[in-house]
């Protein structure tokens with residue numbers, strides 16, 4: 001007789017409005033222009049999504065010089081430096097910018113602070129495409145990246161009298177970022193922050209949902225990709241909230257089932273770039289091994305939608 005397993009399904013989970021919009025942009029681009037449509041970088045950080053779009057005719061490239069003359073190109077949801085659309089325009093390319101509107105909001109904040117003469121502090125993870133895109137909105141040296149509270153504690157500026165402002169990556173840990181901001185505000189009392197938090201609603205909601213189930217879980221599976229910032233933050237949030245074992249799961253086929261030996265309650269969530277079909281796959285795999293009861297814990301309802309670019313709807 002199969003052991004009983006309660007699966008606590010965190011909600012909200014999975015796709016956010018920015019990810020849904022980005023995928024729709026590629027799909028609509030294929031309908032509008034025909035295949036192939038080129039996409040610079042992974043449209044979102046999920047291999048399953050990328051492979052599905054490849055099957056429909058999308059071709060993923062690292063840089064614009066890999067796109068043939070006359071072919072349409074889509075920029076990923078994470079945003080790009082200003083040099084990328086400038087290069088596309090120089091080459092007279094057809095391009096569609098799938099940057100999440102909430103990332104674009106951060107770009108506009110950076111530009112506004114720079115125009116007002118402020119030094120910009122960007123809280124985020126070095127090397128992430130969103131950080132590269134945001135830093136690329138301003139001239140070299142205009143943005144200082146801070147990744148940790150320790151860095152916030154030690155950071156110095158050449159001109160101590162220059163006005164400061166901070167912005168953040170949209171997919172950070174809410175708690176970790178609050179600590180960094182607190183440190184910056186203590187050291188630089190006049191530093192300006194965003195009127196509305198830069199960490200996006202979807203990141204915040206998914207982290208809250210994990211916290212809501214953490215004290216009941218023996219193990220937490222976060223369905224998502226290793227290069228997905230918001231998915232990795234959900235693992236950290238689960239661990240920090242007291243889950244004994246929080247782990248990232250790309251596909252059900254990769255699950256280490258020994259982790260569930262003796263476990264009676266499993267928490268499951270998904271990063272904002274992971275489709276719900278992968279969550280269903282994980283639950284189905286659990287049903288093959290356990291007598292499963294699924295309980296969905298809903299902390300908030302999301303009703304955000306973003307319009308597609310006019311080039312695809314006109």
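The values are calculated or read from the model by the stated rules, or taken from the named source; none is laboratory data. Only a predicted model underlies this, so the values are computations on that prediction, with no experimental measurement involved. Here the Cβ positions follow ideal geometry from the backbone for every residue, glycine too, while neighbour counts run over all protein chains shown.
If we keep just the residues of region 9-37 that are crowded, with 21+ Cβ neighbours inside 10 Å and in contact with a strand residue (DSSP E or B) (Cβ under 7 Å, 6 or more places away or on another chain), which is farthest from residue 303 (Cα to Cα)?
My answer is 37.
Does residue 125 satisfy the condition of being buried (at least 17 other Cβ atoms within 10 Å of the Cβ) and either touching a strand residue (DSSP E or B) at 6+ places or on another chain (Cβ under 7 Å) or farther than 18 Å from residue 165 by Cβ (or both)?
Answer is no for this residue.
Report, by residue number, each residue of region 175-193 that is part of a helix (DSSP H, G or I) and surrounded by fewer than 17 Cβ atoms within 10 Å (Cβ to Cβ).
Matches in region 175-193: 175, 178, 179, 182, 185, 186, 187.
Quick grid of which residues meet (1) closer than 14 Å to residue 274 by Cα; (2) within 14 Å of the chain's Cα centre (by Cα); (3) modelled with pLDDT of 95 or more:
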| residue | (1), (2), (3) |
| --- | --- |
| 20 | yes, yes, yes |
| 31 | no, no, yes |
| 38 | no, no, yes |
| 52 | yes, no, yes |
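Within region 198-213, identify whether any single residue is surrounded by fewer than 22 Cβ atoms within 10 Å (Cβ to Cβ) and part of a loop (DSSP other than H, G, I, E, B), and answer yes or no.
Taking every residue of region 198-213 in turn, none turns out to be surrounded by fewer than 22 Cβ atoms within 10 Å (Cβ to Cβ) and part of a loop (DSSP other than H, G, I, E, B).
If you check residue 144 against the conditions, is it on the phi < 0 side of the Ramachandran plot, surrounded by 13 or more Cβ atoms within 10 Å (Cβ to Cβ), assigned by TED's automatic domain parsing to the domain that holds residue 194 and assigned to a helix (DSSP H, G or I)?
No, not satisfied.
Tell me which of these residue 47 doesn't satisfy, since it passes every other one: (1) surrounded by fewer than 16 Cβ atoms within 10 Å (Cβ to Cβ); (2) touching a residue at least 60 places away in the same chain (Cβ under 8 Å); (3) in contact with a helix residue (DSSP H, G or I) (Cβ under 7 Å, 6 or more places away or on another chain).
The single condition residue 47 does not satisfy is (3).
Anything in region 70-89 that is within 22 Å of residue 31 (Cβ to Cβ) and not in a helix (DSSP H, G or I)? List them, or say none.
Scanning region 70-89 gives 70, 71, 72, 73, 74, 75, 76, 77.
Against the conditions (1) modelled with pLDDT under 95; (2) under 20 Å from residue 174 (Cα atoms), where does residue 147 fall short? Just the number, please.
(1) is the only condition that residue 147 fails.
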